[in-house]
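Readers should treat all values here as calculations from the given coordinates under stated rules, not as data from a laboratory. This one's a predicted model, so the numbers in the text were calculated from it and none came from an experiment. Reconstructed Cβ throughout: ideal geometry from the backbone, glycine too, with neighbour counts over all protein chains shown.
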Amino acid sequence: MISTRQAKLSLDSKGPTVKTRITELFGIEHPIIQGGMHYVGFAELASAVSNAGGLGIITGLTQKTPKDLANEIAKCRDMTDKPFGVNLTFLPTVMSPDYPGYIKAILEGGVRIVETAGRNPQPYLPALHQAGVKVIHKCTSVRHALKAETIGCDAVSVDGFECGGHPGEDDIPNMILLPRAAEELKIPFVSSGGMADARSLVASLAMGAEGMNMGTRFIATKEAPVHENVKQAIIAASELDTRLVMRPLRNTERVMNNAAVERLLEKEKELGVDLKFEDIIEEVAGVYPRIMMEGDMDAGAWSCGMVAGLIHDIPTCKELIDRIMREAEALIQGRLRGILEGNLDTQPTAAQ
Ligand SMILES: Cc1cc2nc3c(=O)[nH]c(=O)nc-3n(C[C@H](O)[C@H](O)[C@H](O)COP(=O)(O)O)c2cc1C
């Protein structure tokens, strides 16, 4: 049994396995999750991550209707017999999507893991829990993580300021946020935001997380069903190439810089506190299909993490996850043990 906030590393002929409360909760081999991503988290990516021993996640709202989500779940089930999840993002909009319909599709599709994000998922927890679904809520602050614990979420994904997508308004990077979460939470949590490789995993475990969630890193994989231009843009980008947009609307999003983002930021500067969503609608609304499917890289603002600076290749999901696990072992057994033993030759390699 894995007790509170412990990770058990064991080695066998198949390579290292890291067992934590997260791997046990979700029934997965490796403590690595692919976060929901609009127009990226389709069955192709989710199944590839799950087949590689991680937890793949289909993005619920990318499917236009609950019926479409039901079809995507069925497709994913044909592509893997491993556990996978569905992301449900609760948007701060007046015209709410048909959440009860999406939840029905999830339950009828036999999905047993849901990643929630955005607004408080409390209204939907009873239906999910009654059906035996485990819920991991994505939070950008300790207070929201504690709230998620209080309302009965099974785990949380703690998303630092580095993350692609919506980092919230507190601007606390993971070096502080993760240990703070460990100080306060009883339920298990995974790190999220800025995670790319074995170093990220080992550091996350050291800071009290029991696994890690990656977004941007999984876009630059062979199976991610997005246009090649998107993958190349991530590889070409450095850690300096993201921007924060929609700060004046308190709906901050970290995105890849491009011509549309520069136009948007110019409008934000000009309009200041008078900025309204309608002023920037052209740069943010409905742009994902043009970017992700057609590869029109200047079509608008698209979420991307600072971690782009650490992404230099396009492996398969299996190559990526196997590499992370293999190098995590080398990092712990080699570099960290070497440091404890006073071995000054234990220099990090390029990936450590
Ligand atoms: C292109 C893209 C789209 C995203 N869309 C969503 C989404 O629809 N819902 C959600 O909860 N998170 C979304 N995210 C956030 C990710 O699930 C994850 O939390 C984040 O990418 C972690 O940071 P990283 O990119 O540094 O790994 C998105 C991220 C990216 C990069």
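Couple of notes before you dig in:
- Whole-percent pair-distance distribution, where bins are 10 Å wide, for the alpha carbons of the chain: 6, 25, 36, 24, 7, 1, 0
- Counting neighbouring Cβ atoms within 10 Å and putting the fewest first, the residues Lys231, Lys138 line up as Lys231, Lys138.
- Links that overshoot a 31 Å alpha carbon limit, given the list Lys67/Lys269; Lys8/Lys147; Lys222/Lys269: Lys67/Lys269; Lys222/Lys269
- Built from the Cα atoms of region 72-186, the convex hull projects on average onto 8.0 nm², one quarter of its surface area.
- Order of Ser303, Ser192 under a 10 Å beta carbon neighbour criterion, fewest first: Ser303, Ser192
- Most fluctuating residue given options Ile151, Ile187, Ile113, as computed from a GNM of the chain linking Cα atoms under 10 Å: Ile151
- When the helices of the chain are scored as -39500 (n - 2.57) per DSSP H run of n ≥ 4 and the total is divided over every residue, the value at 222 nm lands at -10000 deg cm²/dmol.
- Each 5 Å bin from 0 upward holds the following percent of the Cα-Cα pairs of region 17-221: 1, 8, 18, 22, 22, 17, 9, 3, 0, 0.
- The share of C-alpha pairs in region 1-89 whose separation exceeds 18 Å stands at 47 percent.
- By other beta-carbon atoms within 10 Å, ranking Glu184, Glu268, Glu72 with the fewest at the front produces Glu184, Glu268, Glu72.
- Region 238-303: proportion of alpha-carbon pairs further apart than 18 angstrom, %: 30
- Region 142-218, Rg to Rh (Cα coordinates; Rh as Kirkwood inverse mean 1/r): 0.93
- Estimated FRET transfer efficiency (Glu169, Glu341; beta-carbon r; R0 41 Å; 0.05): 0.40
- Solvent-free Debye scattering, log10 I(q)/I(0), computed from the Cα coordinates of region 23-144 at q = 0.21 Å⁻¹: -1.23
- Rg ratio for region 200-319: its Cα radius of gyration over 2.2 N^0.38 Å, N being its residue count, equals 1.17.
- Summarising the strand pairing of the chain, around 30 percent of its internal DSSP beta bridges are antiparallel.
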